[in-house]
There are 2 protein chains.
Amino acid sequence: MGSAGGPMQGRKPEIERIFRALGDATRRAMVERLSEGPVSVSRLAEPLGLTLAAVVQHVQVLEESGLVRTEKVGRVRTCGLEPAGFAAAAEWIGEQRSLWEMRLDRLGELLAGGKGSENK
Amino acid sequence: MGSAGGPMQGRKPEIERIFRALGDATRRAMVERLSEGPVSVSRLAEPLGLTLAAVVQHVQVLEESGLVRTEKVGRVRTCGLEPAGFAAAAEWIGEQRSLWEMRLDRLGELLAGGKGSENK
DNA sequence: CAAACACTAAAGCAATCGCTTAAGTATCGG
DNA sequence: CCGATACTTAAGCGATTGCTTTAGTGTTTG
């Protein structure tokens with residue numbers, strides 16, 4: 001299978017972790033909070049009703065995904081968003097969408113010309 | 001539809017399933033394949049090296065997330081992408097990004113005055 | 001210094017996940 | 001009608017996840 005139709009795939013292991021990180025509601029809530037500006041880990045934990053240990057684990061997942069960046073000064077670790085990570089995710093989604101729309105355009109031509117077999 | 005209260009948060013359970021669905025490499029590969037056009041479940045399974053049962057389960061997850069739509073005619077179930085699902089995901093990501101950038105603008109003003117967190 | 005504070009690291013546990021095998025249920029082809 | 005095809009359903013299993021508790025480490029603060 002020469003696969004002229006599937007040129008790109010699995011380009012980044014980054015994407016794996018990004019979507020996995022975003023697949024958890026708690027983590028998304030943390031991201032939404034961080035989009036308002038950087039906060040410390042314990043501040044992040046406050047509205048979540050979880051132990052600090054649990055929140056630290058979530059922060060680790062977010063940091064490994066590249067969506068969040070943290071820095072420790074003194075005894076406080078401050079977390080903030082890393083826009084590049086979001087760009088990667090948005091890019092992947094955009095690619096699927098544009099491929100799909102491209103394909104819809106071609107389908108339009110086929111329908112105009114007459115109907116034929118669509119997949120073989 | 002608009003809930004009075006917060007700006008927006010956890011608006012849709014849809015998002016949960018979308019990101020969770022996209023968090024799996026096999027499912028993303030299936031989506032990439034589907035972005036080239038609709039295919040049957042067994043056709044989808046072929047390049048994946050999995051049992052048909054496993055692929056059916058993945059298709060179910062994708063369908064429940066709203067990213068994929070399927071239709072069964074005769075004994076064949078055909079799968080295709082559902083652009084609306086991707087729109088929802090892209091929208092969520094875009095919101096976090098724009099909030100963050102908005103916030104960066106304000107930060108620029110603060111930096112003009114000095115450095116440090118504005119927290120307390 | 002001693003106590004409070006903000007994490008950090010490790011162990012353990014129930015629930016979920018991704019997968020398999022095995023046994024169905026409808027079509028379709030001859 | 002009989003067999004192949006294309007799923008469908010259910011059970012089960014090992015790995016991963018999200019959490020907790022417990023016990024640290026390093027940092028302020030009185």
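Values for this structure:
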quantity	calculated
Percent carbon-and-sulfur accessible area, the stretch A:13-113, ignoring ligands, DNA and RNA, probe 1.4 Å	53 percent
Inter-copy spacing of A:G94 label points, which lie 7 Å from Cα along Cα→Cβ, given in nm from shortest upward	1.1
Dipole magnitude (debye, nearest 20) for the stretch A:13-113, charges at Cβ of Lys, Arg, Asp, Glu	420 debye
7 Å along Cα→Cβ, label-point gaps from B:V56 to other copies, nm, shortest first	4.6
Estimated vicinal HN-Hα couplings, Hz - the stretch B:17-22 in sequence order (Karplus 6.51, -1.76, 1.60; Gly, Pro = x)	5, 5, 5, 5, 5, 6
Order of exposure, largest accessible area first, which applies to A:S98, A:S40 with probe 1.4 Å	A:S98, A:S40
For the stretch B:48-96, convex hull volume per residue from C-alpha positions, Å³	88 Å³
Taking the C-alpha atoms of the stretch B:13-113, convex hull volume expressed per residue in Å³	113 Å³
Distances in nm from B:R77 to the matching label points in the other copies, shortest first (labels 7 Å along Cα to Cβ)	4.2
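The values are calculated or read from the model by the stated rules, or taken from the named source; none is laboratory data. Model, not experiment: these values are computed from the prediction. For neighbour counting, all protein chains shown are included, and Cβ atoms are generated from backbone atoms with ideal geometry for every residue, glycine included. Just so you know, the surface numbers come from the protein's heavy atoms only, side chains and all, with ligands and any DNA or RNA stripped out. Shrake-Rupley method; radii C 1.70, N 1.55, O 1.52, S 1.80 Å.
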